[in-house]
Amino acid sequence: MIDQLTIDKIRDAANIVEVISDYGVTLRKRGVNYVGLCPFHNERTPSFSVSPAKELCKCFSCGKGGNVVHFVMEYENIGYYDALRVLAKKYGIEIQERELSDAEKQAQSEREGMFVVNAYARDYFQNTLRNTTEGISYGMAYFRQRGFRDDIIEKFQLGYCLDKWDSFSNEALAKGYKKDLLLKTGLSLEREGQGNLVDRFRGRVMFPVHTLSGKVVAFGGRVLNTDAKTAKYQNSPESEIYHKSKELYGIYFAKRAIQQNDRCFLVEGYTDVIQMHQSGVENVVASSGTALTQGQIALIRRLTFNITVLYDGDSAGVKASLRGIDLLLEEGMNVKVLLLPDGDDPDSFARKHNSKEFQEYLKAHEVDFIRFKADILLHDSANDPVKKAEAIESIVKSISLISEPIKRSLYIKETSEQLGISEELLNDGVNKKIKITAEALKKQNERNKTVSPEGDESQTQDFSSSLPAQLEAAEFDDIEKLIVQMLIKYAANVLYVYENEETGEQTEVRVAEYIKSDLDNDGLKFHSELYRRILDEAVQHINDEGFDSSRYFLSHQELAVSKLATDLMSERYQLSRYHSKYQHIPTDEERLDRLIPQLMMDLKNEVVLSEMKKLEKELLNPAVASDSVKCMEIMQRYVNLKDIQKALGRELGDRVLIAKR
């Protein structure tokens, strides 16, 4: 863990304009800021803005950006602390990290050792491929036969393992690599009862598997002899550093192209990925023959929400893989499908066509997944009513997984025309599925629900005259976000000075204290746990000497906090010098004494209006309308809320305050 003092040193030293320029982004000065073409997506008109004063960057087209650390994280696809290390190295800052426990040191040492062993193995296999007679005769000949160019072989770090029992293992041991690490990475196996090591991948061409940041976590090896008893592919076993369900082959080489094209192609095997790269399509990854998992989808979602799945022309596993595509829909991905001609997979199809033909085919033949699924399922069930009903049920389920109502409605309309079924019938089916899923999720949440802290009566709704006890719904997020924005910018600013009429003693009240007190007095708290933590931290630190709330939250070690602060601090437009020259426009900071109370009043008013609407709906319920006692209770509560609403309107004028200018 890097300590906060070192983080502050790195942030102070890092010049955001310099860092971004060093990554090849051409920035031009525009007013007090700089603008350039966004490095995270293709664009012709610059929408990427960099503010040296605020130490922030933001693309107002794709939305990506942040402080200098966030930029390095996004560009390099690395974690928060790795990005800090990159910047520290650039500016010659020594990293001070807390001392790890013995158990942490051992675990970290073992993980690092496994990466080191894998890196050695990659280099060994590459050298064997290029500089041994067997490697050239068998391994290189295989790659040549597949049509791989030298630059592609080098790029993907392909290699060869000699067809000998223990050649690699003995060489690794002689170089000082530990036996237990060779076994844990799966590079070597131990002979039962003998204790000596043998090579797992002997006689195979080697495909290293890389993480998003480029580390080798595993290998895939393809056998070259035709012995039917030998599995064609041998893969590294699961380990401390390798979990097959969380890795995608080719992701390291594809990440920049995926971001730039805002689309990812998904194929099945290693050679499919390599051939597509060779054809100029670099935004491609492979699931390596496994069913698509949520962990793999999460990797892709970090780079894009658009995915096209490529199927072999004669693939018998198309139907079996439809479940994986439903997972993509469930995760909010936009899914298209491309079926290659009979007898072809991406590898063979790419070899038959030049780069331009291949890319044009991809653009012309990808189709929407729902339409594709309907074609596939209904093709085999045209003359069987039972199978056709099952197919329609499956399609309805897929549509129900789409979260956006407008997109879902369009799919229902298209599917209705394709299947010859009324929209109303499909819509009913989809809504039923959504309801079942929502109820299951609700039950799951109730099972996982933690008990409220002692004294917190936020879950209890009585018909007293107080405000509703909790901001439970995200419907208040817009107004809450405005309050949190003011909190991040001005937490330590003095908002008011309260004067005791008897003693004349004055007490300063800062923005964070006022917001916290105002919420507590009415039994309210933000619906977002993140917002609540930001408020608590602001209150905790406002009296610290030199506390700068915006800088504190922008450089916060918790990524969710710093990202939110960055987003709320980013402003696309500034007033021109003309306005500041000829007329004074009050800033938010200059009118905090009016702005903050007004925002708090707006929030409370929204809470009251929300409950009033709920009560109005409840009164329309026939079961409630027939219960005179319940009706009277609701109406009394409604009258109380009306009184609260009027009081909120008067509250600003009821304060006796001395504003500090």
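No value in this document is a laboratory result; all are computed from the given coordinates. These numbers come from a predicted model, not from an experiment. When we count neighbours, we look across all protein chains shown, and the Cβ atoms used for this are built from the backbone with ideal geometry, even at glycine.
Working ranking of peptides 605-617, 213-225 by packing, defined as the average number of other Cβ atoms within 10 Å per residue, highest first, is 213-225, 605-617. A straight Cα-to-Cα reach below 19 Å connects residue 29 with the lysines 54, 58, residues fewer than 8 places away in its own chain not being considered. Calculated on C-alpha atoms, the gyration radius of segment 4-90 divided by its Kirkwood radius gives an Rg/Rh of 0.96. Multiplying the residue separation of residue 82 and residue 601 by 0.36 nm and removing their Cα-Cα distance gives an extension gain of 182.5 nm.
Excluding same-chain neighbours fewer than eight residues apart, the aspartates and glutamates reachable from residue 613 by a Cα-Cα span under 19 Å are 462, 472, 475, 477, 478, 602, 633, 643. Distances between placed amide hydrogens fall under 5 Å for residue 66 paired with 57, 58, all partners being 5 or more residues away or on another chain. In straight-distance terms, cross-link reach from residue 89 covers every one of the lysines whose alpha-carbon lies under 17 Å from its own, apart from those fewer than eight places away in the same chain; here that gives 9.
Length available on full extension from residue 163 to residue 94: 0.36 nm per residue minus the Cα-Cα distance, which gives 20.2 nm. By other beta-carbon atoms within 10 Å, ranking 26, 128 with the fewest at the front produces 26, 128. Across segment 251-434, how many lysine pairs, 8 or more apart or on two chains, come within less than 13 Å at their alpha-carbon atoms? For segment 251-434, the number of qualifying lysine pairs is 7.
Listing 240, 505, 537 from fewest to most neighbouring C-beta atoms within 10 Å gives 505, 240, 537. In the structure displayed, which of 90/489; 604/642; 164/229 lie more than 20 Å apart, Cα to Cα? Cα-Cα > 20 Å for 90/489; rest within.
Note on residue 239/residue 414: beta-carbon distance plugged into 1/(1 + (r/R0)^6) with R0 of 45 Å gives a FRET efficiency of 0.50. The radius of gyration of the Cα set in segment 231-270, together with its Dmax, comes out at 12.8, 38 angstrom. For segment 243-271, the residues whose backbone nitrogen is under 14 Å from a point 7 Å from the Cα of residue 37, taken along Cα to Cβ, are 260-261. Taken as Cα centroids, segment 349-407 and segment 223-273 sit 24 Å apart, rounded to the nearest whole angstrom.
The slack between residue 379 and residue 13, meaning 0.36 nm per residue of separation minus the straight C-alpha distance, is 125.4 nm.
Taking other Cβ atoms within 10 Å as a rough exposure proxy, 59, 631 sort from fewest to most as 631, 59.
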